[in-house]
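Structure first, then comments.
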Amino acid sequence: MSTVLSVKLPDILAKELRIFLITEKYKSFFVQKAFESYLGDKADLQVSLDRLRDTSDSIISIEEMRKEIGL
C-alpha cells in the first residue's frame with residue numbers, strides 16, 4: 001500500500017529533480033529513495049550514538065581492532 005504525500009521543494013531542488021527525469025523515472029521514485037537513504041542514515045547514527053553512550057561497551061585501540069579484523 002502507498003500513501004500520497006505532497007512535498008514543497010525549493011526551486012533549486014525542483015530543478016535538480018527535473019534533471020533526473022532524463023532516466024525516465026518518476027519524481028516520486030527519487031523522493032522515495034531520498035527518504036529511504038535519509039532514514040537509513042538516521043538509524044545508523046542513532047545506533048552509533050547509543051553505542052557511544054553505552055558505558056558497558058568496551059573500547060579497544062585501533063591496533064586491537066586491526067588485529068581482530070586481520071589487517
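Readers should treat all values here as calculations from the given coordinates under stated rules, not as data from a laboratory. Note that the structure is predicted; figures quoted are calculated from it, not measured. Using ideal geometry, Cβ is built from the backbone for each residue, glycine included, and neighbour counts are taken over all protein chains shown.
Between the beta carbons of Lys67 and Asp44, assuming R0 = 25 Å, the FRET efficiency works out to 0.50 to the nearest 0.05. Listing Leu52, Leu17 from fewest to most neighbouring C-beta atoms within 10 Å gives Leu52, Leu17.
For the chain, the orientation-averaged shadow of the C-alpha convex hull comes to 9.4 nm² (one quarter of the hull surface). Among the chymotrypsin sites (Phe, Trp or Tyr not before Pro) found in the chain, those both in a DSSP coil and sparsely packed, with 11 or fewer other Cβ atoms within 10 Å of their Cβ, are Tyr26. Helix 27-53 axis versus longest C-alpha principal axis of the chain: approximately 20°, rounded to the nearest ten. Under a straight-distance cross-link criterion of Cα-Cα below 26 Å, which lysines are reachable from Lys8, leaving out those fewer than 8 residues away in the same chain? Cross-link targets: Lys25, Lys27, Lys33, Lys42. The ranking of Met1, Met65 from fewest to most other beta carbons within 10 Å of each one's beta carbon is Met1, Met65.
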